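**Student:** Right, I'll just put the structure down here and ask away after.
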Amino acid sequence: MDFYDVVKKRRSYRAYKPEMPEKEKLERILEAARLAPTWANLQGVHYIIVQKPDNIKAIWKAIGQETKFIEAPVFIIGIISTDGSGINKSGEKYYGVDFGICFEHLILAAATEGLATCWIGWFNENEVKNVLKIPKKYKVMGLTPLGYPIKPKGEVKERKSIDEIVHYEQF
Ligand SMILES: Cc1cc2nc3c(=O)[nH]c(=O)nc-3n(C[C@H](O)[C@H](O)[C@H](O)COP(=O)(O)O)c2cc1C
């Protein structure tokens, strides 16, 4: 699939078929995340893959959005340490940016493989960390179910127009 088709086809899915995605697809998706650029190539993001049904149930419970979703066969949880990236000239830590780039690589690669995802940012971090035994210094920045969608969606949800968001020369 052409890159622009992938970008148009990627949507947030909240209903998944129970069938497990092929191992090679999962490996290619993780490879796409591995190749993402990061601050000074620090590569601070780690990925936890959860496939055991009991563990997936525990994750959904920790997220607290079970009623909105139909369970997926795989869960990918992205974490990064707060010192896993750089600090910019304004003194701001950049780990969130590194994380976003890596996780979006993963999400777009999944779309390329015909698989569904939904970036989840609303969850109880302490509970997720407890369930997955994540060391204290890491932050859970994003999670996504992974699987085949029950019903494919159309391309791209409504978005602001280019005129509203693009500024030439000055704001
Ligand atoms: C950082 C981030 C956090 C999100 N968190 C949630 C979430 O907690 N629950 C949810 O159902 N969707 C979540 N979404 C999905 C957005 O609602 C969705 O991307 C947006 O409505 C656009 O729809 P689309 O992804 O189908 O194009 C999140 C998306 C992003 C990028």
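Every number here is computed from the coordinates shown, using simple stated rules; none is lab data. Not measured: the values here are computed from a predicted model. Don't worry about glycine lacking a Cβ; one is built from the backbone with ideal geometry, like all the others, and counts go over all protein chains shown.
**Student:** For region 117-157 and region 1-71, compute the distance between their C-alpha centroids and round to whole Å.
**Tutor:** That distance is 7 Å.
**Student:** Determine, for His167, His105, His46, the number of other Cβ atoms within 10 Å of each Cβ, and report the residues in order from fewest to most. Don't skip to the end; give the middle numbers.
**Tutor:** Working: His167 8, His105 20, His46 15.
Least crowded to most crowded, the residues run His167, His46, His105.
**Student:** Can you sort Phe3, Phe123 by how many other beta carbons sit within 10 Å, fewest first?
**Tutor:** On the way: Phe3 9, Phe123 18.
If I rank by nearby Cβ atoms, fewest first, I get Phe3, Phe123.
**Student:** Another question about this same structure. Considering only DSSP states other than H, G, I, E and B, which GluC sites (Glu not before Pro) in region 1-78 qualify as loop sites with at most 13 other Cβ atoms within 10 Å?
**Tutor:** On the way: sites: Glu19, Glu22, Glu24, Glu27, Glu31, Glu66, Glu71; in loops: Glu19, Glu22, Glu71.
For GluC sites (Glu not before Pro) across region 1-78 that sit outside H, G, I, E and B with at most 13 neighbouring Cβ atoms in 10 Å, the list reads Glu19, Glu22.
**Student:** Continuing with the same structure: For region 87-158, what does the alpha-carbon gyration tensor say about shape, rounded, prolate or oblate, given a ≥ b ≥ c as the root eigenvalues, a/c under 1.5 as rounded, and a/b over b/c as prolate?
**Tutor:** It is oblate, given that a/c is not under 1.5 and a/b is not larger than b/c.
**Student:** Same structure, new question: Starting from the Cα-Cα distance between Lys93 and Arg159, subtract it from 0.36 nm times their residue separation and give me the gain in nm to one decimal. List each step's numbers first, then the result.
**Tutor:** On the way: separation 66, 0.36 × 66 = 23.76 nm, distance 2.91 nm.
Value of the extension gain: 20.9 nm.
**Student:** Classify region 3-148 as rounded, prolate or oblate, taking a ≥ b ≥ c as the square roots of the eigenvalues of its Cα gyration tensor: rounded when a/c is under 1.5, otherwise prolate if a/b is larger than b/c and oblate if not.
**Tutor:** Working: a/c = 1.90, a/b = 1.24, b/c = 1.54.
Since a/c reaches 1.5 but b/c is at least a/b, the shape of region 3-148 is classed as oblate.
**Student:** How large is the helix-only mean residue ellipticity at 222 nm for the chain, computed as the sum of -39500 (n - 2.57) over DSSP H runs with n ≥ 4, divided by its residue count, in deg cm²/dmol to the nearest 500? Numbers along the way, then the final one.
**Tutor:** Numbers: 6 runs with 60 residues, N = 171.
Taken over the chain, the calculation gives -10500 deg cm²/dmol.
**Student:** In what order do Arg10, Arg159, Arg28 fall by count of nearby beta-carbon atoms within 10 Å, going from fewest to most? Provide the component values of the computation, followed by the final result.
**Tutor:** Details: Arg10 20, Arg159 8, Arg28 14.
With the fewest neighbours first, Arg10, Arg159, Arg28 line up as Arg159, Arg28, Arg10.
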